[in-house]
Amino acid sequence: MTQDRIYANPHAELQGFRFDDKVTRVFADMIQRSVPGYGLTLQMIAVIAAQYAQKNSCLYDLGCSLGAATLAMRHGIQQAGCEIIAVDNSQSMLDKCLEYINADDGDVPIVLKHADIQDVVIENASVVVLNFTLQFIPVDERVNLLKRIREGLKPNGVLILSEKVSFDDLGKNERQTQLHEVFKRSQGYSELEVSQKRQALENVLLAESLETHHARLKQAGFSDSQTWFQCFNFASMLAFK
């Protein structure tokens, strides 16, 4: 695993964060050291897939990056005839993802698609994963994506939605942000790295409150939703058709 050193030195001009070749090379290290509870989230995606994957259905990983959630689902699925469709708009991510898939010993078929997740047709789906992906979609386009996911889900299908979240209470938001930054420093990131990464993500990663997410899921037509995991300002939700 290549260590993330992208923001270790001062940048004269910080560009907005992009999932380019440079990020792809260090992404596995970056996300583990940046998202508290990330490993547990993946373990539970396998558990959720075991519970909700339906026979002869599709499971989607939208914004799959290196395929961590894809492989988690692959090893959780208990039903026959399932196929996983993993989608990302970064070809470098998909190229690296394919390496991980080829090295994996799971037998559930995986189809990789190079596409914008907003253009992908969702159909015959029992499980759909948006694992820290929706936060990069423009806010006014999020409900339409969720509606399309809901329409493509089979009865009793489930969406797993993981996001960095904000808090309407400014004091609570500041405390959770501080704890997140303490976490990143505990993972070996310097003050400079924390600061520059934060600036690079401004206006790129647009976090919202859990209340906003649940209201939008209801607006998109999901019958129910609940938060099943939270660690500081990162959370994961389940939404049911």
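Brief remarks follow.
- Spans of helices (runs of 4 or more DSSP H) in the range 142-236 with at least 2 residues hydroxyl-bearing (Ser, Thr, Tyr): 170-186
- Those residues of the range 59-84 which are buried (at least 22 other Cβ atoms within 10 Å of the Cβ) and either modelled with pLDDT under 95 or assigned to a strand (DSSP E or B) (or both), in sequence order: LEU59, TYR60, ASP61, LEU62, ILE84
- Pairs with Cβ under 9 Å, 6+ apart, first in the range 12-26 and farther than 22 Å from LEU206 by Cβ, second of a type in the set (A, V, I, L, M) and loosely packed, with under 11 Cβ neighbours inside 10 Å: VAL26/MET1
- In the range 41-93, the residues that are touching a strand residue (DSSP E or B) at 6+ places or on another chain (Cβ under 7 Å) and under 17 Å from ASP29 (Cα atoms): THR41, CYS64, SER65, GLY67, ALA69
- Selection over the range 149-202 of residues that are of a type in the set (Ser, Thr, Tyr) and under 18 Å from the mean Cα position of the chain (by Cα) gives a count of 2.
- Yes/no for SER126 being among the polar types (S, T, N, Q), crowded, with 22+ Cβ neighbours inside 10 Å and outside any loop (DSSP other than H, G, I, E, B): yes
- Sole exception among (1) among the hydrophobic types (A, V, I, L, M, F, W, C); (2) farther than 21 Å from GLN3 by Cα; (3) within 17 Å of the chain's Cα centre (by Cα); (4) part of a helix (DSSP H, G or I) for ALA50, by number: (3)
- Residue selected from the range 166-185 under the condition among the hydrophobic types (A, V, I, L, M, F, W, C) and more than 15 Å from VAL35 (Cβ to Cβ), by the criterion surrounded by the fewest Cβ atoms within 10 Å (Cβ to Cβ): LEU170
- Selected residue [in contact with a Lys or Arg (Cβ under 8 Å, 6 or more places away or on another chain) and closer than 30 Å to ALA125 by Cβ] from LEU159, LEU210: LEU159
- Test result for GLU181, without any contact (Cβ under 8 Å) to a residue 40 or more places away in the chain and either over 19 Å from VAL87 (Cα atoms) or touching a Lys or Arg at 6+ places or on another chain (Cβ under 6 Å) (or both): yes
- Lone unmet requirement of (1) in contact with a helix residue (DSSP H, G or I) (Cβ under 9 Å, 6 or more places away or on another chain); (2) surrounded by fewer than 22 Cβ atoms within 10 Å (Cβ to Cβ); (3) without any contact (Cβ under 8 Å) to a residue 40 or more places away in the chain; (4) farther than 24 Å from LEU205 by Cα for GLU141: (4)
The values are calculated or read from the model by the stated rules, or taken from the named source; none is laboratory data. Predicted, not measured: the structure shown is a model, and the values here were computed from it. Positions of Cβ are generated from backbone atoms using ideal geometry, with glycine treated the same way; all protein chains shown enter the neighbour counts.
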